[in-house]
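> What follows is a structure written as structure tokens; I'll ask about it next.
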Amino acid sequence: VQLQASGGGLVQAGGSLRLSCAASGSTLSRYAMGWFRQAPGKEREFVARISKAGVGTYYADAVKGRFTISRDNAKNTVYLQMNSLKPEDTDVYYCAADLTAVVSTRAASYEYWGQGTQVTVSS
């Protein structure tokens, strides 16, 4: 599966952005999907995960209550709605696909990755 992330940009603190991750080459419903973020010189950090059918969602404590992950398997697309953005949310955001159903927040558990999309939150 090939993944294409989009929707990043520059936003003021308190604002919102919606990231999209479009899949091609395979049926998205085969995969649990995750969003990660990474700052220069730091490890890739788990943000959110959604199960294959979209029933289960999981969030990092830092984004819980502000970010929402969702998916539309008919459109082969996963979304990350980000509200109440803070300057510390500034990062490159990546979407990733996991063939297994075992819930994992580890980047190594995800087999396929999209290119990143930059999110910058100004104070």
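The values are calculated or read from the model by the stated rules, or taken from the named source; none is laboratory data. A quick note: this is a predicted structure, and the numbers were derived from the prediction, not measured. As a convention, Cβ positions derive from the backbone with ideal geometry for all residues, glycine included, and neighbour counts pool all protein chains shown. Side chains are part of the model used for accessible areas, which takes the heavy atoms of the whole protein and leaves out ligands, DNA and RNA. Shrake-Rupley method; radii C 1.70, N 1.55, O 1.52, S 1.80 Å.
> Filtering segment 42-63 down to residues that are out of contact with any Ser or Thr (no Cβ under 8 Å at 6 or more places or on another chain) and open to solvent by 60 Å² or more (accessible area, probe 1.4 Å), which residue is farthest from LEU10 (Cα to Cα)?
Within segment 42-63, the subset out of contact with any Ser or Thr (no Cβ under 8 Å at 6 or more places or on another chain) is 42-45, 47, 55-56, 59, 61-63.
Still in the list and also open to solvent by 60 Å² or more (accessible area, probe 1.4 Å): 42-45, 55, 61.
Numbers: LYS42: 21, GLU43: 22, ARG44: 21, GLU45: 20, VAL55: 31, ASP61: 23 Å.
The selected residue is VAL55.
> Please tell me if GLY34 is modelled with pLDDT of 95 or more, of a type outside the set (Phe, Trp, Tyr) and more than 11 Å from the chain's Cα centre (by Cα).
On the way: modelled with pLDDT of 95 or more: yes; of a type outside the set (Phe, Trp, Tyr): yes; more than 11 Å from the chain's Cα centre (by Cα): no.
It is false that GLY34 is modelled with pLDDT of 95 or more, of a type outside the set (Phe, Trp, Tyr) and more than 11 Å from the chain's Cα centre (by Cα).
> Pairs needed: first member in segment 93-115, under 17 Å from LEU80 (Cα atoms); second member anywhere, open to solvent by 10 Å² or more (accessible area, probe 1.4 Å) and in a helix (DSSP H, G or I); C-beta distance under 8 Å; at least 6 residues apart or different chains.
Qualifying pairs under 8 Å: ALA96/ALA107; ASP98/SER109.
> In segment 8-31, what count of residues is obtained for those that are at pLDDT 95 or above and part of a loop (DSSP other than H, G, I, E, B)?
Total meeting the criteria: 6.
> Follow-up. Tell me which of these TYR112 doesn't satisfy, since it passes every other one: (1) surrounded by fewer than 21 Cβ atoms within 10 Å (Cβ to Cβ); (2) farther than 17 Å from THR27 by Cβ; (3) of a type in the set (Phe, Trp, Tyr).
Here TYR112 clears every test but (2).
> Still on this structure: Where residues in segment 64-109 are open to solvent by 40 Å² or more (accessible area, probe 1.4 Å) and among the acidic types (Asp, Glu), which of them is nearest to the chain's Cα centre (by Cα)?
Among those that are open to solvent by 40 Å² or more (accessible area, probe 1.4 Å) and among the acidic types (Asp, Glu), it is ASP72.
> If I ask for residues that are under 23 Å from VAL102 (Cβ atoms), among the hydrophobic types (A, V, I, L, M, F, W, C), assigned to a loop (DSSP other than H, G, I, E, B) and touching a strand residue (DSSP E or B) at 6+ places or on another chain (Cβ under 6 Å), which ones from segment 34-62 would you list? Don't jump to the end; show me each part of the working.
As a first pass, look at segment 34-62 and keep what is under 23 Å from VAL102 (Cβ atoms): 34-38, 43-62.
Restricting the remaining residues to those that are among the hydrophobic types (A, V, I, L, M, F, W, C) gives 35-36, 46-48, 50, 53, 55, 60, 62.
Next, only the ones that are assigned to a loop (DSSP other than H, G, I, E, B) stay: 53, 55, 60, 62.
The one that is under 23 Å from VAL102 (Cβ atoms), among the hydrophobic types (A, V, I, L, M, F, W, C), assigned to a loop (DSSP other than H, G, I, E, B) and touching a strand residue (DSSP E or B) at 6+ places or on another chain (Cβ under 6 Å): ALA60.
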